[in-house]
Amino acid sequence: MSKVNVVLGTFYGDEGKGKIIDYLSEKADASIRCSGGNNAGHTINVNGKKYAFHLIPSSILNENTKAIIGNGVVIDPKVLIEEIENLKSNGHKVENLYISDKAHIIMPYHIMMDRLQEELRGSRKIGTTARGIGPAYSDKFERSGIRVEDFISSNFESIARENIENKNKIFRLYKKEELDVDSTIAKYKEYANYLRKYVVDSVDMIHDMLENNKKIVCEGAQATLLDIDFGNYPFVTSSNPTIGGVCTGTGIGPKYIGEVYGVLKAYSSKVGEGLFMTEQNNEIGDKIRELGHEYGTTTKRPRRCGWLDLVALKYAARINGLTGLAINHVDTIGKLDKIKLCVAYEYKGKNTMRFSTNNEYLKECTPVYEEFEGNFGDISNVKKREDLPINAQNYLNRIEEIVGVPIKFIGTGAGRENMIIVD
């Protein structure tokens, strides 16, 4: 491992990043969540039990690995405490959890604002998770946010009171229910007291580790096509889940970063609104959804499903400087008789590998597919790539050939042990 290895999503999230992070964190001294909030989730299957993490880094299950919530994350303290308590009730220690003092807190008014804004968008709704993520980031950049260091300080009450009263003026204007100032502050003081012992100066901690040659894994939430700058705007998240967000969300400079792994599924899926070029809104899409259990970790919403889009994947490889691919659900796609792979777009009569987040451009594009034989059989216990059935090898080889990035991890089942590590 390099000093810092990065795991990022390449499409719309829900690619199975948690499994790769879990594996890498076993060899790391720390794992850092860099951006996003509890609008994202990683699911890890350990000994038949599923753990869904929305804020806590997946490395929390490895007691010798520090699990750090970085400064780029927005934290709902109620959700975080519920995650901590769930881990404790299942016999896991959380002494290896650390929270950056520079992360921002999601307050109840952020959730209320999220719902109000989505309501006001009407037919142009984005399809947010209504977890208050966007409004929390808005306040952060508008400089009225509440950092963790303020949350646990004696200044919290005065800052929170001013913010709640200002937001109540907006709710009053739209004839919405207002927050009770005193009870809200009292409840959040309880949360602050609970979480206080986990708070650290994360930048100082991380750089002490780097200076002592410790190994770090940075875990992204969401994915490239949901990036606020590089995704399908406005149907995006409110942060940078791409490589730039790793640096700004942790305080780690680019010179420390080694491998950048892009995680994807052997097909595509998406939650929420916006164009989805290879979506199969038909029996094939329904079958992929059921085979892959494609329902949101956070929202439980059924995901839109379709074929793997290599034009979009190559875009993600460029944006993030990917050095390796981690492809999950190879076992799932292998249950189909025939598999299609989008290898180009047809644009104005010509094939192109150009991807753009410009919706007018995408509307004029048509996916160009190649068809492959499926029926991979049971591959859950295969440990070497060359031992995969030839149909699976042909499919994976074509992905590497077009994208130009080697496959380093191959997911062959739901468990953490169902994975091929490619040298």
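Computed from the coordinates by the stated procedures, all read-outs in this text should not be read as laboratory data. Bear in mind that the values here come from a model prediction, so they are computed numbers and not experimental data. Neighbour counts are summed over all protein chains in view; Cβ atoms, including those assigned to glycine, are modelled from backbone coordinates with ideal geometry.
Rounded to whole numbers, the Karplus 3J(HN,Hα) couplings from phi for segment 387-402 are 8, 5, x, 4, 4, 5, 5, 4, 5, 5, 4, 5, 4, 4, 4, 7 Hz, using 6.51 cos²θ - 1.76 cosθ + 1.60 with θ = phi - 60°, and x at Gly and Pro. Placing a pseudo-label 7 Å from each Cα along the Cα-to-Cβ vector at Asn193 and Glu165 gives an inter-label distance of 2.5 nm. Measuring between alpha carbons in the structure, the pairs from Lys17/Lys350; Lys50/Lys340; Lys125/Lys175; Lys214/Lys408; Lys383/Lys408; Lys66/Lys102 lying more than 24 angstrom apart are Lys17/Lys350; Lys50/Lys340. In plain terms, the residue of Tyr361, Tyr137 with the fewest other Cβ atoms within 10 Å comes first and the most crowded comes last, giving Tyr361, Tyr137.
Ranked by the mean number of other Cβ atoms within 10 Å of their residues, highest first, the peptides 413-419, 206-212 fall in the order 413-419, 206-212.
The magnitude of the dipole of the chain, with charges of +1 and -1 set on the Cβ of Lys/Arg and Asp/Glu and taken from the Cα centre, is near 320 debye. Once the Cβ-Cβ distance of Tyr347 and Ser158 is raised to the sixth power relative to R0 = 60 Å, the FRET efficiency obtained is 0.60.
For segment 14-30, putting each phi into the Karplus relation 6.51 cos²θ - 1.76 cosθ + 1.60 with θ = phi - 60° gives couplings of 6, 8, x, 4, x, 5, 5, 4, 4, 5, 5, 5, 5, 9, 10, 8, 7 Hz, in residue order, rounded to whole numbers and with x for Gly and Pro. Only one of (1) 20.5; (2) 19.3; (3) 21.4 was calculated from the structure for mean projected area of the Cα convex hull in nm², and its label is (1). Quick check for you: which residues of segment 323-350 have the amide N under 19 Å from the point 7 Å beyond the Cα of Asp229 toward its beta carbon? Within reach of a label on Asp229: 323.
Footprinting exposure proxy ranking of Cys305, Cys365, fewest other C-beta atoms within 10 angstrom first, gives Cys365, Cys305. With the simple model of a label 7 Å out from the Cα in the direction of the Cβ, Lys88 to Asn397 spans 5.5 nm.
With everything on Cα atoms, drop me the angle between helix 181-195 and the longest principal axis of the chain, reported from 0 to 90° to the nearest 10. Approximately 60 degrees, to the nearest 10.
Once the Cβ-Cβ distance of Asn358 and Lys287 is raised to the sixth power relative to R0 = 35 Å, the FRET efficiency obtained is 0.65.
Using a 10 Å cut-off on Cβ atoms, rank the peptides 163-174, 94-105, 25-36, 220-231 from the highest mean neighbour count down.
Details: 163-174: 14.1, 94-105: 21.2, 25-36: 24.5, 220-231: 26.0.
Sorting 163-174, 94-105, 25-36, 220-231 by mean packing, highest first, produces 220-231, 25-36, 94-105, 163-174.
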